[in-house]
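The values are calculated or read from the model by the stated rules, or taken from the named source; none is laboratory data. Nothing here was measured: the structure is a model prediction, and the numbers come from that model. Here Cβ is always computed from backbone atoms with ideal geometry, including for glycine, and neighbour counts include all displayed protein chains.
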Amino acid sequence: MVYFISFIVVVLTVLGQLLLKHGSGLMCKTSFVNPYIVTGYSLFVIVIPLSYYLMSLIPMKNFTIIMTVNYVAVMFLSSFFLKDKLSRNKITGTFFVVIGIVIFVS
């Protein structure tokens, strides 16, 4: 059950971030009309209670490790789907985030 909720939280968070990133590049009269922005924020509304529930089931260290997957997934999926360039700075920054989490956990 915990693994399933963790997977759902990560997938919805990554999907929400990708939708917001895609929607921010589109020209609309207002951001409320943009379906990508609305859907992205709606996913975050779903993720928040799931995250709180997940934090009540597992230690905070484990939750932090699970959420680190978001940084890596968003970076690679946005380069694949949104054609973002993977710069050396992005890869280095993500690497340091992951290393920081590894140091924090150990």
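Pairs only if they're at least six apart or on different chains, beta carbon under 9 angstrom, first in region 15-42 and of a type in the set (A, V, I, L, M, F, W, C), second exposed (fewer than 11 other Cβ atoms within 10 Å of the Cβ) and at pLDDT below 90; list them, first residue then second.
These pairs meet every condition: Val38/Phe32.
Return the residues of region 71-91 that are crowded, with 16+ Cβ neighbours inside 10 Å, of a type in the set (S, T, N, Q) and either under 21 Å from Tyr3 (Cβ atoms) or without any contact (Cβ under 8 Å) to a residue 12 or more places away in the chain (or both); say none if nothing qualifies.
Residues satisfying the conditions do not exist here.
Quick one: which residue in Ile37, Ile58, Ile66, Ile8 is touching a helix residue (DSSP H, G or I) at 6+ places or on another chain (Cβ under 7 Å), surrounded by 13 or more Cβ atoms within 10 Å (Cβ to Cβ) and farther than 29 Å from Val105 by Cβ?
Details: Ile58 fails: farther than 29 Å from Val105 by Cβ; Ile66 fails: farther than 29 Å from Val105 by Cβ; Ile8 fails: farther than 29 Å from Val105 by Cβ.
Unique residue meeting the criteria: Ile37.
From Ile8, Ile37, which residue is closer than 20 Å to Val72 by Cα and of a type in the set (A, V, I, L, M, F, W, C)? Steps first, please.
Values: Ile37 fails: closer than 20 Å to Val72 by Cα.
So the residue among Ile8, Ile37 that is closer than 20 Å to Val72 by Cα and of a type in the set (A, V, I, L, M, F, W, C) is Ile8.
Can you find a residue in region 11-32 that is part of a loop (DSSP other than H, G, I, E, B), of a type in the set (Gly, Ala, Ser) and modelled with pLDDT under 90?
First, the residues of region 11-32 that are part of a loop (DSSP other than H, G, I, E, B): 25-32.
Among the residues that remain, those that are also of a type in the set (Gly, Ala, Ser) are: 25, 31.
Now narrow it down to the ones that are modelled with pLDDT under 90: 25, 31.
Yes; the residues of region 11-32 include at least one that is part of a loop (DSSP other than H, G, I, E, B), of a type in the set (Gly, Ala, Ser) and modelled with pLDDT under 90.
Being touching a Ser or Thr at 6+ places or on another chain (Cβ under 8 Å), of a type in the set (Phe, Trp, Tyr) and assigned to a helix (DSSP H, G or I) is the requirement here; does Tyr3 meet it? Steps first, please.
Details: touching a Ser or Thr at 6+ places or on another chain (Cβ under 8 Å): no; of a type in the set (Phe, Trp, Tyr): yes; assigned to a helix (DSSP H, G or I): yes.
No.
So which residues in region 76-93 are under 11 Å from Lys21 (Cα atoms) and out of contact with any His (no Cβ under 9 Å at 6 or more places or on another chain), if there are any at all?
If the condition is that a residue be under 11 Å from Lys21 (Cα atoms) and out of contact with any His (no Cβ under 9 Å at 6 or more places or on another chain), then Asp84 is the only one that fits.
For region 70-106, how many residues meet the condition of being among the polar types (S, T, N, Q), assigned to a helix (DSSP H, G or I) and over 23 Å from Val9 (Cα atoms)?
Taking region 70-106 first, the residues among the polar types (S, T, N, Q) are 70, 78-79, 87, 89, 92, 94, 106.
When the remaining residues are screened for being assigned to a helix (DSSP H, G or I), the result is 70, 78-79, 89, 92, 94.
After this cut, where a residue has to be over 23 Å from Val9 (Cα atoms) as well, the list is 89, 92.
The qualifying residues number 2.
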